[in-house]
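Single-structure report; data block below.
The values are calculated or read from the model by the stated rules, or taken from the named source; none is laboratory data. Keep in mind it's a predicted model, so treat the numbers as computed, not measured. Positions of Cβ are backbone-derived with ideal geometry, glycine not excepted, and every protein chain shown enters the neighbour counts.
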Amino acid sequence: MLKGMTLVLVLLPLLVAIPAALAQPADLPEQPQVRQALDYIRANHETHLDKQVQIAEIPAPTFHEAERAKFLEKEFRRLGLKNIEIDKQGNVLGWRPGKTEKAIVIAAHLDISFAVGVDTKVRKEGGRWHGPGLADDSRGLIALLAIAEALDHAKIQTNRTLLFVANVGEEGLGDLSGVKYLFKESPHRARLDSFISIDGTSPARITTGGTGVKRYRVTLKGPGGHSYGNFGRASTIHAAGRIVTRLASLEVPRAPKTTYNVGKIEGGTAINAIAETCTMEIDLRSENPGELDKLEVKMLEAVRLGVEEENGFRQATGPNRITADPKLVGLRPAGQTAHDQPLVKAAVWASKFTGHSPSLGYSSTDSNLPISLGIPAVTLGGGGRSDNAHSLDEWFEPAGAWNGPQTVLLTILAFDRM
């Protein structure tokens, strides 16, 4: 245990068995340079919190991350990272050369899960700070900067090169566009041999599994008309209601965890008009690719039957019938980094060392993409406590939050020596 450190114990349910043969780099935290880096992160906690708030107040809805990207680019330059660029996709890249060309990617996403125009002003109430995207993922972005600062402050040289990335397109219909470009199209892709995403807050939570996601936009079209004069015509909004009723009644397995959600419905022109068009956005998820495929079939059947029911009830024929056009608009591949992989072992060791009871689990994060390509990847928390992500009432508690960047830093250094 480090001298002068206050360790925060966070207990989460054990989602899967922790691997028995853990990495034990017991001497690592006792090395003067490593201790210096860890102490730096704690000593600069308040400064980092102030910058986290500053980042959070820069609006960055998915597809509108440019202003925040420019801020991170300036921060990367301040830190002295090398070959800094904003790539073709909008990701911010900064390199910290190691002894080899092979690179560990350490990433946090720029975008927030809110529409353009959301008020991103952060407010403080007692020990909590409130603001859209304050934890998800402004905390990850500041952890990224804190780790790079600490490595530079302690003059630590790694074996692998470190690539720091503030990436676009993690949330919603961004569909992991930032990391997809990085690993599939970027000119650097051949150098990238491992991946750490900093997302969420708890250092006890180690995401090794990528929950598969399929997202659909269903467009319904019909004849429309006056609500009174043309009463009896099929309505796209009524059809949407029938579809939602069917979806809401679907039974899905608890294990592997499988979920569905109608997250958005838009349509109609006026209260006294039969809706000509209606769109629905539907999110399907499962830890198991087979269960996800089954759920997709059930969802498409619910759409078909809901439309048929509305048409049949209104006795709609010919041009008066409702039609449905479901389109796949998002696909996040499922997969898992093996629990005996050195990167996972390093993360488990680091989480335990900093005073946590680590749990390994599934989620849908940027790690899904490299995992699907066979590249070792984990998602780690940035520190502190948070809740109500993706809502206007998102909050973050910074007490002891330095523990997050410390855990990620130790993970990087332990993995780098394996």
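Brief remarks on what is shown
- Restricting Glu251, Glu301, Glu291, Glu266 to residues that are closer than 22 Å to Val213 by Cβ, surrounded by fewer than 17 Cβ atoms within 10 Å (Cβ to Cβ) and touching a Ser or Thr at 6+ places or on another chain (Cβ under 7 Å) narrows the list to Glu266.
- So Lys294, is it modelled with pLDDT of 95 or more, over 30 Å from Ser202 (Cα atoms), assigned to a helix (DSSP H, G or I) and within 32 Å of the chain's Cα centre (by Cα): yes
- Scoring Pro319 on the criteria (1) of a type outside the set (Ser, Thr, Tyr); (2) part of a loop (DSSP other than H, G, I, E, B); (3) modelled with pLDDT under 95 leaves a single failure, condition (2).
- Looking across segment 385-404, just one residue is aromatic (Phe, Trp, Tyr) and not in a strand (DSSP E or B), and that is Trp402.
- Each residue in segment 182-210 was checked for being of a type in the set (A, V, I, L, M, F, W, C), over 12 Å from Gln89 (Cβ atoms), part of a helix (DSSP H, G or I) and touching a residue at least 40 places away in the same chain (Cβ under 8 Å), and 0 of them qualify.
- Residue in segment 165-181 that is in a strand (DSSP E or B), out of contact with any Asp or Glu (no Cβ under 7 Å at 6 or more places or on another chain), assigned by TED's automatic domain parsing to the domain that holds Pro97 and not polar (S, T, N, Q) present: yes
- Condition met for Ile243 (of a type in the set (A, V, I, L, M) and under 30 Å from Asp340 (Cα atoms)): no
- Criterion (under 16 Å from Gly140 (Cβ atoms), in the same structural domain as Arg189 (by TED's automatic domain parsing) and more than 14 Å from the chain's Cα centre (by Cα)) met by exactly one of Phe396, Phe353: Phe396
- Considered as a group, the residues in segment 232-254 that are of a type in the set (Gly, Ala, Ser) and part of a loop (DSSP other than H, G, I, E, B) include one that is modelled with the lowest pLDDT, and that residue is Gly232.
- In summary, Asn83 fulfils each of the numbered conditions (1) of a type in the set (S, T, N, Q); (2) in contact with a strand residue (DSSP E or B) (Cβ under 6 Å, 6 or more places away or on another chain); (3) surrounded by 18 or more Cβ atoms within 10 Å (Cβ to Cβ) with the single exception of condition (3).
- Test for Lys102: is it in contact with a Pro (Cβ under 7 Å, 6 or more places away or on another chain) and closer than 26 Å to Arg191 by Cα: no
- Candidates in segment 137-164 are the residues that are in contact with a Ser or Thr (Cβ under 7 Å, 6 or more places away or on another chain) and in a loop (DSSP other than H, G, I, E, B); of these, the one that is farthest from Arg189 (Cα to Cα) is Asn159.
- Of all the listed residues (Arg139, Arg123), the sole one being modelled with pLDDT of 95 or more, surrounded by fewer than 22 Cβ atoms within 10 Å (Cβ to Cβ), among the basic types (Lys, Arg) and at negative phi is Arg123.
- Any chance Thr47 is of a type in the set (S, T, N, Q), assigned by TED's automatic domain parsing to the domain that holds Asn368 and free of Cβ contacts under 8 Å to residues at least 12 places away in the same chain: yes
- Checking Ala324, Ala377, Ala338 one by one, the residue that is more than 30 Å from Val118 (Cα to Cα) and outside the structural domain of Leu134 (by TED's automatic domain parsing) is Ala324 and no other.
- Of all residues making up segment 211-229, the number that are part of a loop (DSSP other than H, G, I, E, B) and over 30 Å from Lys352 (Cα atoms): 6
- When segment 135-159 is filtered for residues that are closer than 26 Å to Asp111 by Cα and out of contact with any strand residue (DSSP E or B) (no Cβ under 9 Å at 6 or more places or on another chain), the ones remaining, listed by number, are Ala146, Glu149, Ala150.
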